[in-house]
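Enquirer: I have a structure here, written as structure tokens, and I will follow up with some questions on it.
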Amino acid sequence: MHTDLKRLGRTRWATKLIFLVCGLGVSSWAPMVPYAKDRLAMHDAHLGILLLFLGGGALVMMPVAGMLANRFGSRIVILFSALIIALMLPLLLILDSGTTMAAALLLFGAGIGSIDVAMNAHAVQVQNLYGRPIMSSLHGLYSVGGLLGALGLGLLIKFGLEPVPAAIGISVLLVMIAVSQFKYLFSFTEEKAVIGQFYKPPPAGENNNRLSWLNGGVVFLGLMCFAVFLSEGAVLDWSAVFLRDDKSVSPEFAGAGYAAFSIAMAFVRLTGDKLVERWNNKTMVVGGSLIAALGFAITIVSPGLYGVLSGYVLLGAGAANIVPIFFSDAGKLPGIPPTVSIPVVTTLGYGGQLAGPALLGIVAHQFSLAIAFGCLVALLILVAIAYLLKK
């Protein structure tokens, strides 16, 4: 496929803005969690079960989104997913029963899961045409969105705007970005041409069946993503509760933990492409996992807010470039098209981010959030060891 540099550059920026939409949509939920917990009078275990619906919606839709993207194109899935996220976001602040909140979180999670699969599949094709790493910078815009969402809603409320109008304003912004960038994303025909250029199918009868997703490389990357995303999900869903209930931070600033995490992650990801080119993937993943584990440990043991926030900074910096490397690896696995590998790795990965925190809620109810976070320190160390030993 011939694509001029100006067109490719515009498509790259459009893809970045879609990552921003996803990050903004996901993280806007973080400061809403304490409000939902109080409004529904839930303890940690019940809240963890409720969060399971968000993860369930994402996990169910991720494989479906991969099939839809393969049939209709990534940008169609991206647009409709953004509209679903924007529609559901304000409802999460007003629904007052566990049943309706569960249904809303199910749909919200479906939108998140769908846009994530589609934008990463699209991003792999853009990176292939560039011929050099750009995935970290794309994920950097996701982290920028995470910062804006975590702080934006809280600040709007702090300055006197009611929570629901604030959420509606964020939803309008999401729709405006998605609609305005739609025409710059690869069309279905263009996307198929890129896949045909860079993906070489295996010989007839060799790994050419519906179970190609069982390839060991796909499963390994998916499990690694599960562990890292579980840590990120803990920050998204539990950092505000942890800061308010364990560290006595006022509710309007309870999103500061996720904001600190997102600032560090955004900065390191926006400069991460050069780091990936300079050092090998193994160094980035192993070193990043150990730094992230150290950050979680500091967050647990620090008595003051600034110590906790410094731990979140280390966690964000360490984890920043791990997942982009995993997605890049998944898009280059031999004999497996990215329309198969990306949805599988994404589904397993976001199983950690979206469903895993429900398990943390159960551990937190039985013991404490600090103990639950301590389990994640051990998990990140295991990621470093596993990737170090990978052939």
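Only the coordinates and a few stated rules stand behind these numbers; no lab work does. Bear in mind the structure is a predicted one, so any value in this text is a computation, not a measurement. Glycine also receives a Cβ, built like all others from the backbone with ideal geometry; neighbour counts cover every protein chain displayed.
Enquirer: Kindly state, to the nearest 0.05, the FRET efficiency for residue 302 paired with residue 192, given R0 = 56 Å and r defined as their beta-carbon distance.
Expert: 0.65
Enquirer: Could you tell me how many degrees, from 0 to 90 and to the nearest 10, lie between the Cα long axis of helix 98-130 and the main elongation axis, the longest principal axis, of the Cα atoms of the chain?
Expert: On a 0 to 90 degree scale, this one is about 40.
Enquirer: Which angle between 0 and 90 degrees, to the nearest 10, do you get for helix 163-181 versus the longest principal axis of the chain when only C-alpha atoms count?
Expert: 10 degrees
Enquirer: According to a simple spin-label model (label point 7 Å from Cα along Cα-to-Cβ), what is the distance in nm between residue 155 and residue 388?
Expert: Simple spin-label model gives 4.0 nm for this pair.
Enquirer: Assuming R0 = 30 Å, what is the FRET efficiency of residue 176 and residue 60, from their Cβ-Cβ distance, to the nearest 0.05?
Expert: In this case the efficiency is close to 0.60.
Enquirer: Let me ask something else. Just want the ordering: 27, 187, 137, from fewest to most Cβ atoms lying within 10 Å of their own Cβ.
Expert: Going from least to most buried by this count: 187, 137, 27.
Enquirer: When you have a sec, figure out the Kirkwood radius of the range 82-209 from all distinct Cα pair distances and drop it here in Å to one decimal?
Expert: Radius from the Kirkwood sum: 17.4 Å.
Enquirer: Moving on. Using the beta-carbon distance between residue 45 and residue 162 and R0 = 35 Å, what value does 1/(1 + (r/R0)^6) give for FRET efficiency, to the nearest 0.05?
Expert: Result of the calculation: an efficiency of 0.70.
Enquirer: I would also like to ask the following. What's the angle, to the nearest 10 degrees (0 to 90), between helix 281-301's Cα axis and the longest principal axis of the chain?
Expert: 10 degrees
Enquirer: Determine ³J(HN,Hα), in whole Hz, for all residues of the range 147-155 in sequence, where each value follows from phi through the Karplus function 6.51 cos²θ - 1.76 cosθ + 1.60 and θ = phi - 60°; x replaces Gly and Pro.
Expert: Going residue by residue, I get 5, 4, x, 5, 8, x, 5, x, 5 Hz, with x marking Gly and Pro.
Enquirer: Working out 0.36 nm times the residue gap between residue 362 and residue 130, then minus their Cα-Cα distance, what length gain in nm do you get to one decimal?
Expert: 79.0 nm
Enquirer: Sorted from largest down, give the three principal axis spans of the alpha carbons of the chain, whole angstrom values.
Expert: Largest to smallest, the principal-axis extents are 59, 44, 36 Å.
Enquirer: What is the chain's relative contact order, in percent, from Cα pairs under 8 angstrom and six or more apart in sequence?
Expert: Over the chain, the number comes to 27 percent.
Enquirer: Determine, for 108, 72, 226, 253, the number of other Cβ atoms within 10 Å of each Cβ, and report the residues in order from fewest to most.
Expert: With the sparsest Cβ surroundings first, the list reads 72, 253, 226, 108.
Enquirer: Shifting gears a bit: Residue by residue through the range 83-93, what is 3J(HN,Hα) from phi via Karplus (6.51 cos²θ - 1.76 cosθ + 1.60, θ = phi - 60°)? Round to whole Hz and write x for glycine and proline.
Expert: Karplus values, whole Hz, x for Gly and Pro: 5, 5, 4, 5, 5, 7, 4, x, 5, 5, 9.
Enquirer: Please order 322, 381 by the number of other Cβ within 10 Å, starting at the fewest.
Expert: Lowest count first: 381, 322.
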